[in-house]
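Novice: Dropping the structure in here first, questions after.
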Amino acid sequence: MSAGAPRLSNDYDGPCAVCGAVVAAGTGVLRHGPTGGWEVFHPEHDREPAPPARQDLPGWHRRRLMALDITTTGNRAAVDRVLTAAVRVSDGTSRDWLLDPGSDPLSVAPGKGHDITIERARAEGVPAPRALAELATVLVDHLAAKELLVVWFAPHVLTLLHAEFLRHGVTPPADRLPGGLAPVCDPLVLDRHADRYRPGRRSLEAVTAWYGVPHDRPGDAASDAEATLRLAQVIGASYPALARLSRPVLHAEQILWNADQSRHHRDPLDWPFTPIAPRPWQDPPGDG
């Protein structure tokens, strides 16, 4: 239930989730429980939803993680272009790129949430083929060690990047790795799986706020990558059932979880990406 929503009451007697005493029908407060069922509380024991406590758990979240994010001209995976890219690594290293997207008559779709203009990218950026080749090498080196690549909303980021690699003559990482583009960790998929009944938006900004992860500049690739990295670590430390999964199993399970989630959140792209071919630039609908 979101703030201000009417509280649901119990139709039947049931034990209070806090004290265990019977809550008479019609007198308690119902909330979704952590495993998907309902819990009933005495009104005086009702508690606002909160993220689970972080625990000192071993697992993938304590290994070397690399987070990736990009800013783009829009959300059309085969058409739009990458303007910036950033990686943040749990050992403290980082890389940032500002790309010159070339001379095509490009424009940035309204509402993209970043301040990178086409003019700035062309004036200050490095040629896209060079930047993308460097980025591809960084990703391949990390994934070749079988360490997790952390990407928020992976299908959109990785699919658009795949098309951009092809557009600029760079062999995509998926084609350079024996096991393909893996292992990947998508905190959006993990959060939807671990806390599927939580109400509210599941944007990166909303989810980082829920878990108390700092996120200073939403829409900025470097800030988004840093927030995504920390979010993956926090989610791993908050859910023992996730933390105990091996990296290959975590990757495989996210394919299944995303397929289930996509029944409710329509998305034509596969997880973690769809190998699509680039298409020529087209102005977005309504672009003057």
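The values are calculated or read from the model by the stated rules, or taken from the named source; none is laboratory data. Here the structure is a predicted model, which is why all the values come from computation and not from measurement. Cβ: placed from backbone, ideal geometry, glycine included. Neighbour counts: every protein chain shown. The accessibility values were calculated without ligands, DNA or RNA, using every heavy atom of the protein model including side chains. Shrake-Rupley method; radii C 1.70, N 1.55, O 1.52, S 1.80 Å.
Novice: For residue 158, are the conditions met, namely being in a helix (DSSP H, G or I), touching a residue at least 24 places away in the same chain (Cβ under 8 Å) and either open to solvent by less than 60 Å² (accessible area, probe 1.4 Å) or among the hydroxyl-bearing types (Ser, Thr, Tyr) (or both)? Talk me through it step by step, then tell me what you get.
Specialist: Values: in a helix (DSSP H, G or I): yes; touching a residue at least 24 places away in the same chain (Cβ under 8 Å): yes; either open to solvent by less than 60 Å² (accessible area, probe 1.4 Å) or among the hydroxyl-bearing types (Ser, Thr, Tyr) (or both): yes.
Criteria met by residue 158.
Novice: Further question: Report, by residue number, each residue of the stretch 187-224 that is of a type in the set (A, V, I, L, M) and either crowded, with 18+ Cβ neighbours inside 10 Å or touching a Leu at 6+ places or on another chain (Cβ under 7 Å) (or both). Break it down stepwise before answering.
Specialist: Here is the first cut: in the stretch 187-224, the ones of a type in the set (A, V, I, L, M) are 188-190, 194, 204, 206-207, 209, 213, 221-222.
Within the stretch 187-224, 188, 189, 190, 194, 204, 207, 213, 221, 222 meet the criteria.
Novice: Moving on. Could you tell me which of the residues 109, 77 is under 22 Å from residue 269 (Cα atoms), in a loop (DSSP other than H, G, I, E, B) and in contact with an Asp or Glu (Cβ under 8 Å, 6 or more places away or on another chain)? Steps first, please.
Specialist: Values: 77 fails: in contact with an Asp or Glu (Cβ under 8 Å, 6 or more places away or on another chain).
Going through 109, 77 in turn, just one is under 22 Å from residue 269 (Cα atoms), in a loop (DSSP other than H, G, I, E, B) and in contact with an Asp or Glu (Cβ under 8 Å, 6 or more places away or on another chain): 109.
Novice: Then there is this: Do we find a residue being open to solvent by less than 70 Å² (accessible area, probe 1.4 Å), assigned to a helix (DSSP H, G or I) and acidic (Asp, Glu) anywhere in the stretch 225-238? It would help to see each step written out before you state the result.
Specialist: Filtering the stretch 225-238 down to residues open to solvent by less than 70 Å² (accessible area, probe 1.4 Å) leaves 225-229, 231-238.
Keeping just the survivors that are assigned to a helix (DSSP H, G or I) gives 225-229, 231-238.
With acidic (Asp, Glu) added as a condition, the list becomes 226.
Looking through the stretch 225-238, at least one residue is open to solvent by less than 70 Å² (accessible area, probe 1.4 Å), assigned to a helix (DSSP H, G or I) and acidic (Asp, Glu).
Novice: Could you list, ordered by first residue, the pairs with Cβ atoms under 6 Å in which the first is in the stretch 205-220 and closer than 15 Å to residue 87 by Cα and the second is open to solvent by less than 50 Å² (accessible area, probe 1.4 Å) and at pLDDT below 95, at least 6 apart or interchain?
Specialist: Close Cβ pairs satisfying both conditions: 219/114.
Novice: So for the stretch 173-186 (the condition being open to solvent by less than 20 Å² (accessible area, probe 1.4 Å) and either over 21 Å from residue 145 (Cα atoms) or aromatic (Phe, Trp, Tyr) (or both)), does at least one residue qualify?
Specialist: Checked against the condition, which is being open to solvent by less than 20 Å² (accessible area, probe 1.4 Å) and either over 21 Å from residue 145 (Cα atoms) or aromatic (Phe, Trp, Tyr) (or both), the stretch 173-186 yields no hits at all.
Let's see how each residue does on (1) more than 36 Å from the chain's Cα centre (by Cα); (2) part of a strand (DSSP E or B); (3) in contact (Cβ under 8 Å) with a residue 40 or more places away in the chain; (4) farther than 20 Å from residue 200 by Cβ:
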site	(1), (2), (3), (4)
11	yes, no, no, yes
15	yes, yes, no, yes
20	yes, no, no, yes
25	yes, no, no, yes
40	no, yes, no, yes
52	no, no, yes, no
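Novice: Out of the residues in the stretch 54-93 that are without any contact (Cβ under 8 Å) to a residue 60 or more places away in the chain and of a type outside the set (Val, Ile, Thr), which is most open to solvent (accessible area, probe 1.4 Å)?
Specialist: That would be 91.
Novice: Tell me which residues, restricted to the stretch 268-288, are within 19 Å of residue 162 (Cα to Cα), charged (D, E, K, R) and surrounded by fewer than 14 Cβ atoms within 10 Å (Cβ to Cβ). If you could, list the steps in order and put the result at the bottom.
Specialist: Filtering the stretch 268-288 down to residues within 19 Å of residue 162 (Cα to Cα) leaves 268-282.
From the residues that got through so far, the ones that are charged (D, E, K, R) too are 270, 279.
Correct list: 279 only.
Novice: Could you please find all residues in the stretch 241-288 being in a loop (DSSP other than H, G, I, E, B), in contact (Cβ under 8 Å) with a residue 24 or more places away in the chain and among the basic types (Lys, Arg)?
Specialist: If the condition is that a residue be in a loop (DSSP other than H, G, I, E, B), in contact (Cβ under 8 Å) with a residue 24 or more places away in the chain and among the basic types (Lys, Arg), then 244, 279 are the ones that fit.
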